[in-house]
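All of the numbers you see were taken from the coordinates with simple rules; none came from a lab. Computed from a predicted model, the values in this text were never measured in an experiment. Cβ placement follows ideal geometry from the backbone for every residue including glycine, while neighbour counts extend to all protein chains displayed.
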Amino acid sequence: MCYILNMNRIDKIVKKINDRAEIGIVLGSGFGNALPEITNVHEIEYHNLGIKYNKVEGHTRKFVFGDFNGKRVLIFNRLHFYESGNLDNLRLLYKIICKLGVKTLLMSTAAGAVNKNLNPADLVLVTDHINLTGQNPLIGNNPVKFLDLKNLYDKELLNIAEKIGESKGIKLNRGIHCQLTGPTYETPSEIKMLRLLGVDTVSMSPVLDAIEAYSLGIKILLIAGVTNKACDIENDSINHKEVLENAGAMSKNLKTLFEEIMLKL
Ligand code: HPA
């Protein structure tokens with residue numbers, strides 16, 4: 001079931017793409033090396049589909065289709081709220097992938113560790129979120145949709161991921177993720193507040209993405225990869241280069257996880 005705002009534009013894009021996929025994968029900043037081993041690859045850049053976006057270092061903007069274990073997979077890049085100040089592109093992206101046939105979405109995000117027990121290179125299975133963006137992609141839907149988010153992060157996928165982590169010796173934590181809009185990192189006082197709220201990881205995505213995709217009936221797994229300690233008084237300040245470097249170091253485990261999960265779907 002796809003809820004479509006602008007059927008015409010989406011249908012045209014889907015027709016131009018001329019491919020399908022049942023599994024979607026979103027790689028966060030710097031996780032480019034986590035790309036699963038796919039064959040029969042077909043790539044199409046967003047700008048060739050008339051989608052306009054801003055440049056962000058570490059992010060390419062394209063759909064990459066490929067075969068993995070007899071299934072068609074689509075690996076694609078997010079379009080963030082902080083790029084434009086509106087959610088038009090975000091909504092468009094998930095409506096496209098829904099129309100392309102995606103039923104399961106494996107998402108990753110580079111994240112700061114708010115929980116003091118987490119360290120760079122730790123992976124966190126997100127079980128719930130706190131949305132502090134002040135935004136919601138479902139605002140403006142006609143008819144209005146009141147959506148229960150209790151099962152947004154799919155329990156079956158969480159269990160599959162956890163079992164794979166155990167069998168492959170990849171340590172996985174469970175935690176609560178928070179999205180703020182960015183593009184500034186948090187202040188030390190904001191991090192203090194997030195700790196009081198029980199947040200484990202923070203980033204500038206993908207809670208809004210998850211809400212939009214879930215509202216379209218897509219099952220979601222979200223893995224936050226810790227790239228840095230959150231920016232509080234005790235820790236050094238963060239920079240995007242460090243985030244990208246640490247994400248690169250985590251990519252091998254993320255790739256194994258994604259591939260093994262796909263074998264189970
Ligand atoms: N804060 C917000 N977004 C991020 C961070 C962070 O510490 N690390 C990676 N993305």
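A few remarks follow.
- With Cα atoms defining each centre, region 189-247 and region 112-155 are spaced 10 Å apart in the structure.
- Under 17 Å between alpha carbons - lysine pairs in region 1-91 that sit 8 or more apart or on different chains: 6
- Phi-derived couplings, Karplus 6.51 cos²θ - 1.76 cosθ + 1.60 at θ = phi - 60°, listed residue by residue for region 26-37: 10, 9, x, 3, x, 8, x, 6, 8, 4, x, 6 Hz, with x used for Gly and Pro.
- Dipole in debye (nearest 20) - region 7-264, about Cα centre, beta carbon charges: Lys, Arg +1; Asp, Glu -1: 780
- Relative contact order of the chain: 28 percent, from C-alpha pairs under 8 Å at least 6 residues apart in sequence.
- Backbone amide hydrogens, once placed in the peptide plane, bring ASN77 within less than 5 Å of LYS62, excluding anything fewer than 5 places away on its chain.
- As computed over region 7-264, the Cα convex hull volume per residue (Å³): 118
- Excluding same-chain neighbours fewer than eight residues apart, the lysines reachable from LYS163 by a Cα-Cα span under 19 Å are LYS155, LYS171, LYS219, LYS252, LYS255, LYS264.
- Cα-projected label distance for LYS168 with LEU35, points at 7 Å along beta-carbon direction, nm: 1.8
- Computed from the Cβ-Cβ distance with R0 of 22 Å, the FRET efficiency linking LEU197 to LEU149 stands at 0.85.
- Computed packing ranks the peptides 80-90, 41-51 as 80-90, 41-51, most packed first, by mean other Cβ atoms within 10 Å.
- Anisotropy class of region 2-114 from Cα gyration tensor, a/c 1.5 cut: oblate
- Region 99-195 shape via C-alpha gyration tensor axes, a/c threshold 1.5: oblate
- The helix-only estimate of mean residue ellipticity at 222 nm for the chain, built from DSSP H runs of length n ≥ 4 each weighted as -39500 (n - 2.57), is -10000 deg cm²/dmol after division by the residue total.
- Positive-end residue of TYR94, ASN54, SER84, charge dipole of region 7-264 with Cβ unit charges: TYR94
- The H on the amide N of VAL102, modeled in the peptide plane, is under 5 Å from the matching H of ALA21, each at least 5 residues off or on a different chain.
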